[in-house]
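The values are calculated or read from the model by the stated rules, or taken from the named source; none is laboratory data. In this text, all values refer to a predicted model and were calculated from it rather than measured experimentally. As a convention, Cβ positions derive from the backbone with ideal geometry for all residues, glycine included, and neighbour counts pool all protein chains shown.
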Amino acid sequence: MRSFLCAAATMIMALGLGSAPAVAQDFVFPPAFHVQHVATNGTTLHVRIGGRGPAVLLLHGYGETGDMWAPLARELMRDHMVIVPDLRGMGLSARPATGYDKKTQGEDMAGMLDAIGVGRVDLVTHDIGNMVGYAFAAEHRDRIKRFVLMDAPLPGIGPWEEILKNPLLWHFRFGGPDMERLVAGRERIYLDRFWNEFSATPARFSEGSRQHYAALYAAPGAMHAGFAQFAAFDQDAIDNRAFLAAGKLEMLVLAIGGEKSFGQQMAAVMRFAATNVTGGIVPDAGHWLMEEQPAATIKLVRGFLDENG
């Protein structure tokens, strides 16, 4: 474990993430937070933990890391224990060769929570985090009190096949050694495409944020692991259909869409997977809700957790 911590610290300094001016203030977690590197399910996750009270687990998506949640973490830590991992292969978590299907990553979460002594959680997720969160919730239904999902579909659930036909989602099938060679040294160009095309107003995804994430995704093996998240979607669809055959989720669910992205479709998708779904819309936002409209997004999440406590 000590060697892993040293390697992580070396990576932070090598990428210039320890004190770089490109790191926006919104990436700064309060001093009360600490970082643990938690061994779980054959990998090691970089996990930020802070606050006291009922536990809430925040899961990020592609093109970002757990850093995206800093503004929400600052708000929730007033009365929650907030747990913010980087997903397998992403950010400062380890990058194993396999295990990028979401069922495996759901077990990453279960093992991580066991390791830090946490039982039940509220779950807040975005993008690929939705998929990991759904797998975790479907296999550990008694551990999830409430579930907030933001602006991304679930493989194999509801109108998945129609969603796949959207030409904006060509990246779902983009991967492999040749694709990795194409983006090597051009990670920022590749990621700008996501941040620009999936934003209502691209300028709201700040230059500091872009530099920060591009540096992390340019780390050795990071793009390979990112492509593996998408390459696993076919298996994720198979697994999700099996989860659904065992019954819909019964915990309270809030499905949030950006007005200019998934919008109301987010709740429509989740009604295929859960019995008690409330929809929420973030006005004047695309996919990147925490960057484009952080205050409105936090208000929706906070309101849902407070009203259903």
Among residues of segment 64-78 being under 14 Å from the mean Cα position of the chain (by Cα) and either of a type outside the set (A, V, I, L, M) or assigned to a strand (DSSP E or B) (or both), the residue farthest from GLU187 (Cα to Cα) is TRP69
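Listed here are the residues, each with its yes/no results for (1) crowded, with 19+ Cβ neighbours inside 10 Å; (2) at pLDDT 95 or above.
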{"site": "ARG141", "(1), (2)": "no, yes"}
{"site": "LEU154", "(1), (2)": "yes, yes"}
{"site": "GLY158", "(1), (2)": "no, no"}
{"site": "GLU162", "(1), (2)": "no, no"}
{"site": "ARG181", "(1), (2)": "no, no"}
{"site": "PRO202", "(1), (2)": "no, yes"}
For this session: Say whether the condition of being without any contact (Cβ under 8 Å) to a residue 60 or more places away in the chain, of a type in the set (Gly, Ala, Ser), in contact with a helix residue (DSSP H, G or I) (Cβ under 7 Å, 6 or more places away or on another chain) and not in a loop (DSSP other than H, G, I, E, B) is met by at least one residue in segment 154-175.
Result: no
Checked segment 73-90 for anything touching a Leu at 6+ places or on another chain (Cβ under 6 Å), surrounded by 24 or more Cβ atoms within 10 Å (Cβ to Cβ) and under 25 Å from ALA218 (Cβ atoms); matches are VAL84, PRO85
Residue hits (segment 257-289; touching a helix residue (DSSP H, G or I) at 6+ places or on another chain (Cβ under 6 Å), of a type outside the set (Gly, Ala, Ser) and surrounded by 23 or more Cβ atoms within 10 Å (Cβ to Cβ)) are VAL282, LEU289
Being polar (S, T, N, Q) and in a helix (DSSP H, G or I) narrows THR104, THR125 down to just THR104
Subset of segment 42-70, residues surrounded by fewer than 24 Cβ atoms within 10 Å (Cβ to Cβ), hydrophobic (A, V, I, L, M, F, W, C) and closer than 28 Å to ASN196 by Cβ, comes to ALA70
Those residues of segment 134-153 that are acidic (Asp, Glu) and touching a residue at least 40 places away in the same chain (Cβ under 8 Å) come to a total of 2
Scanning segment 44-63 residue by residue, those over 17 Å from the mean Cα position of the chain (by Cα) and under 15 Å from PRO31 (Cα atoms) turn out to be GLY50, GLY51, ARG52
Residue pairs qualifying under the 6 Å Cβ cut-off, at least six apart or on distinct chains, with the first in segment 64-90 being closer than 17 Å to VAL28 by Cβ and the second being in a loop (DSSP other than H, G, I, E, B) and of a type in the set (D, E, K, R), are THR65/ASP86; GLY66/ASP86
By residue number, the members of segment 91-109 that are surrounded by fewer than 22 Cβ atoms within 10 Å (Cβ to Cβ), touching a residue at least 40 places away in the same chain (Cβ under 8 Å) and either closer than 15 Å to PHE243 by Cβ or hydrophobic (A, V, I, L, M, F, W, C) (or both) are ALA94, THR104, GLU107
Tell me yes or no: at least one residue of segment 183-191 is farther than 22 Å from ASP151 by Cα, not in a loop (DSSP other than H, G, I, E, B) and not charged (D, E, K, R). yes
Picked from segment 110-122 (must be of a type outside the set (Gly, Ala, Ser), out of contact with any Phe, Trp or Tyr (no Cβ under 8 Å at 6 or more places or on another chain) and not in a helix (DSSP H, G or I)), the residue surrounded by the fewest Cβ atoms within 10 Å (Cβ to Cβ) is ARG120
